[in-house]
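Data block below; observations after.
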Amino acid sequence: MSLNLRQKQTECIARMLNLNQPINASSTTANEEVYKILIYDRFCQNILSPLIHVKDLRKHGVTLYFLIDKDRNPVHDVPAVYFVQPTPNNINRILSDASRSLYHSFHLNFSTSIPRPLLENLASGTLASDSIQRISKVHDQYLEFITLEDNLFSLADKSCFVQLNDPSAGDREIEGIVEKVVNGLFCVLATLAIVPIIRCPRGGPAEMVASALDQRLRDHLLSKNNLFSEAGNFVSSFQRPVLCIFDRNFELAVAIQHDFRYRPLVHDVLGLRLNRLNVQGEKGGMRSYELDSSDPFWAANGSLEFPAVAEEIETQLNKYKKDVDEVNKRTGGTHGAEFDGTDLIGNTKHLMNAVNSLPELTERKQVIDKHTNIATTLLSEIKQRALNNYVKTENAMMRGTLEWKDLLGVLKGPGTKMDKLRFAILYLISSETINQSEVDTVEAALRESEVDTAAFQYVKKIKALNASFASANSASRSNIVDWAEKLYGQSISAVTAGVKNLLSGDKQLALARAVEALIEGRPNPEIDSYLIFDPRAPKSGSGTSSSHLKGPFKEAIVFMIGGGNYVEYCSLQELSQQQQPPKHIIYGATELLTGVDFVEQLTVLGQKMGLGNVASTSSAQ
Amino acid sequence: MARARDRTEDFKDAVRHSARSLGYDEAKLASVMASFIIHKPPQRSPFSKAALKTLESIGELEEFLSKHRKDYMDLHRTTEKERDSIEHEVSVFVKTCQEQIDVLKNSINQEEETSKGWLGITTSKANADTIAHKHGVVLILSEKLHSVSAQFDKLRAVRFQEAINRAMPRRKLNRLTKKDSIETPKSDDVELGEPSELHNEPLRVQQQLLDDETRALQVELSNLLDTVQETETKMVEMSALNHLVSTHVLQQAQQIEHLYEQAVEATKNVELGNKELSQAIQRNSSSRTFLILFLFLNVHRETRTRNLFIEYGETMPFELLLIG
């Protein structure tokens, strides 16, 4: 049973649109409440948009759909389905709608569990306005996450990395953030209806999130109608997946580097958001494209490098032209050939086949056009910014085979300010020891190009901190753990370890390696120190590491706190294909960040630490 | 499948709680709680009643189709006539449903017009959202009808295909059998000819003549049969193609109508624009002449006054000169 998150979420939403009654496919009697109006707020709009199109809404009987904040007019004798977050603002809107009797009945669905005080607020409000009879049902949907692909999700939690690593953040704020992340993860697990085994590296936000999630799952399983009772039969560990939680500081390089594969490239350069892309079309207008698993080209070639993608477009185009020519030849459309009497029946059949295949051909042409457009835009950007140069030198840098003059050449060459900043930060991360003179030269080159070096300073400071306690007593694990617990998010003690592994020639990310080790379950020095949580096991047994909990898993859910990106997603998918037998890996993050977004967050952190570049205030932002 | 959590009970508890805190007495509390259990049946507007009825009839159509699908598809269960009758019934049904949907659409448009007619003051019944909702309902109904009729069209296409297939081998078979049948009489003739040669000559000649005639007739008739069958297959093909093209045209008919109306509007707008342009040009030219006239008059007046001064400059008293 492979976990398909997108399908499960779509099913839940379909059920919700059916007024939370089980969808009876063969019911032919006209349901009294078959036409409904859907009302959502901004967050839930983001949840719905990658999953359902407007025309699909009509199949479920939704005639109109509105944002909750818009002024709406009454539509009598129609039930309204609300799908909103449980915030006081939304509750007030619902109360005002109910008091104005905008719709006949209200079916309230909250994207996550509505807290008790808000529920009481709602109750007293409706009682006061005497509109109790309007409220039909109240449901908790546990759908507060955005699924982009079958196995990719995001919690849309903005600036999580900044908040977690903020030096001025207090305990309460950190706990609040952890609570939000745990809530999102709980929704994901509730939708999949599984209770996984949780593993995470020691220290930092990962451990906090893991233990909080474990606690929440335990409490929930003890309550009487828990959401996981269906999965109660699957007690054996190899039916349960493993949930690996990581923190962004585990591997910073991936979030920053330039990558040349199609999916990360489109995300980074053109700004893919919620599977939608806005590109400048040939005729000069802005075209909006949708890129998800229903696009066959995107699904098949998302992980290819860019030159291969261009070739693939060519081949597809040639095949299409050949098919069109064949169709034209068969039906004599091109030259108006005379019809042979005996061949008439054959011609009719060909004509019918041609007419039937026309829609398919037009669709193929549209897909090819779309990707040609995207590829041309990408190509112009790549040429302008010399991105292929960046990718090449970054790879060489990661492997340690970079020449010093090449590095300086890249810094002085073409590329946006962000590209150069990213390159410089990668240099910092990849170099084992800090050679002060080199760093100064790099910094000077950055300042020449008028780049705001706050992020650079931040990483330099962190690395210095790291080096200071790494050199003190790197062998003793407990020392590092103490330090790590003190500086909540600032423990990138694994960075040097991760980078060392990168230098071992293989292009595999440290994350992929850790996940592979966790799935296989063989003893591995890298992951042996990882904590294990099993929400189903009794409390006393959680300390001991029972062997079955470490055993090989068939499925894994990997979660990155602080921001993930398509590079990690592609690498994890490659990993899952390489396994024997192919395993299933779902990847999620608090949000999906491009390299530029992430460096901006680092800049904010640098500024908070007071490391901003005073001289270049004019060029900043 | 994952379950959602029903919090209605919690909500009811919260209601009970706050009712008590607000000081509701028992009777009021009971009525409030009762409103949860007993829902007032919604007052349906005539529009929604009609819409629900149409939905029901489309549902019935679907049921009818699914019941008779096997009868229709299987070659040996029904005769051609029964299949035709099924087709006829289905098309009548589809037409009635389409009419009902059209009636609904007209009622929306009527309502829109009457509400606009009152100097733009819309009544509470007909506001933008309700109208949009009604359009949505009509759209859903028509989409459903389309999907059902598309299902039926697919079945019909399969039936045509089979008809064509049946026609083709039959033709080939007939050709072969015809050839055989033409061959055998000839051989019979030769055999018959020999024994009767010694018998009556004139009878034989007459017989031969008759035989020739019958043979000629036979050949003619078989040719006719051939052509008739060819036309038959051609007719079947044509009807299949016709049907195919008509479904596509129907699909696009609405869009084509829409485009046509837009084109008409566009031409009207362009005409209006032309009129405005010509008016503007006219005004421009007239204003230009006016301006020139005005300037000319001014200049003329100035020159005149100056001439006046030049003329009377010597005789005019000094003070008046200064005033000019």
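The values are calculated or read from the model by the stated rules, or taken from the named source; none is laboratory data. Treat the numbers as computed from the prediction; the structure is a model and nothing was measured. Here Cβ is always computed from backbone atoms with ideal geometry, including for glycine, and neighbour counts include all displayed protein chains.
Key figures for this structure:
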quantity: Qualifying residue in region A:22-43 (condition: assigned to a helix (DSSP H, G or I) and modelled with pLDDT under 85); calculated: no
quantity: Region A:95-113 - residue that is within 8 Å of chain B (Cβ to nearest Cβ) and farther than 19 Å from A:LEU48 by Cβ and, of those, farthest from the chain's Cα centre (by Cα); calculated: A:HIS104
quantity: Lone qualifier among A:ASP77, A:ASP71 - being closer than 28 Å to B:VAL138 by Cβ, part of a loop (DSSP other than H, G, I, E, B) and without any contact (Cβ under 8 Å) to a residue 24 or more places away in the chain; calculated: A:ASP71
quantity: Residues satisfying the stated conditions in region A:60-87, i.e. in contact with a Pro (Cβ under 9 Å, 6 or more places away or on another chain) and either within 15 Å of A:LEU122 (Cα to Cα) or not assigned by the TED database to the domain that holds A:LEU48 (or both); calculated: A:PRO86
quantity: Identity of the residue in region B:54-76, away from every other protein chain (no Cβ under 14 Å) and surrounded by 16 or more Cβ atoms within 10 Å (Cβ to Cβ), that ends up nearest to B:GLN161 (Cα to Cα); calculated: B:TYR72
quantity: Among residues of region B:129-152, those that are surrounded by fewer than 17 Cβ atoms within 10 Å (Cβ to Cβ) and more than 11 Å from chain A (Cβ to nearest Cβ), counted; calculated: 3
quantity: Residue among B:ALA263, B:ALA216, B:ALA240 that alone is part of a helix (DSSP H, G or I) and at pLDDT below 80; calculated: B:ALA240
quantity: Selection count where residues are among the aliphatic types (A, V, I, L, M) and surrounded by fewer than 23 Cβ atoms within 10 Å (Cβ to Cβ), scope region A:198-207; calculated: 0
quantity: Tally, over region A:122-141, of residues that are facing chain B (nearest Cβ under 7 Å), in contact (Cβ under 8 Å) with a residue 12 or more places away in the chain and not aliphatic (A, V, I, L, M); calculated: 4
quantity: Any chance A:LEU402 is among the aliphatic types (A, V, I, L, M) and surrounded by 15 or more Cβ atoms within 10 Å (Cβ to Cβ); calculated: yes
quantity: Residue selected from region B:15-34 under the condition surrounded by 16 or more Cβ atoms within 10 Å (Cβ to Cβ) and of a type in the set (Ser, Thr, Tyr), by the criterion nearest to the other protein chains (Cβ to nearest Cβ); calculated: B:SER18
quantity: A:ALA375 vs. criteria modelled with pLDDT under 85 and part of a helix (DSSP H, G or I); calculated: no
quantity: Qualifying positions in region A:143-171 - touching a Cys at 6+ places or on another chain (Cβ under 6 Å) and farther than 30 Å from A:ASN4 by Cβ; calculated: none
quantity: The one condition in (1) within 8 Å of chain B (Cβ to nearest Cβ); (2) part of a loop (DSSP other than H, G, I, E, B) that A:PRO50 fails to fulfil; calculated: (1)
quantity: Every residue from region A:385-421 that is farther than 21 Å from A:PRO264 by Cα and aliphatic (A, V, I, L, M); calculated: A:LEU402, A:LEU407, A:LEU408, A:VAL410, A:LEU411
quantity: Extreme residue, nearest to A:ASN318 (Cα to Cα), among residues of region A:354-369 that are free of Cβ contacts under 8 Å to residues at least 24 places away in the same chain and more than 11 Å from chain B (Cβ to nearest Cβ); calculated: A:ASP369
quantity: Output for region A:548-592, where each listed residue is basic (Lys, Arg) and either surrounded by 24 or more Cβ atoms within 10 Å (Cβ to Cβ) or out of contact with any Asp or Glu (no Cβ under 8 Å at 6 or more places or on another chain) (or both); calculated: A:LYS550, A:LYS554
quantity: Residue list for region B:212-242, filter: in contact with a Lys or Arg (Cβ under 7 Å, 6 or more places away or on another chain) and not hydroxyl-bearing (Ser, Thr, Tyr); calculated: B:GLN229
quantity: Test: A:LEU119 is within 14 Å of another protein chain (Cβ to nearest Cβ), part of a helix (DSSP H, G or I) and either on the phi > 0 side of the Ramachandran plot or crowded, with 18+ Cβ neighbours inside 10 Å (or both); calculated: yes
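Here is a yes/no grid of residues against (1) part of a helix (DSSP H, G or I); (2) in the same structural domain as A:GLU381 (by the TED database); (3) over 26 Å from the mean Cα position of the chain (by Cα):
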position: A:HIS258; (1), (2), (3): no, no, no
position: A:SER288; (1), (2), (3): no, yes, no
position: A:SER303; (1), (2), (3): no, yes, no
position: A:ALA308; (1), (2), (3): yes, yes, no
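Residues checked against (1) assigned to a helix (DSSP H, G or I); (2) surrounded by 19 or more Cβ atoms within 10 Å (Cβ to Cβ):
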site: A:LEU127; (1), (2): yes, yes
site: A:SER136; (1), (2): no, yes
site: A:VAL162; (1), (2): yes, yes
site: A:LYS180; (1), (2): yes, no
site: A:GLY184; (1), (2): yes, yes
site: A:ILE194; (1), (2): no, yes
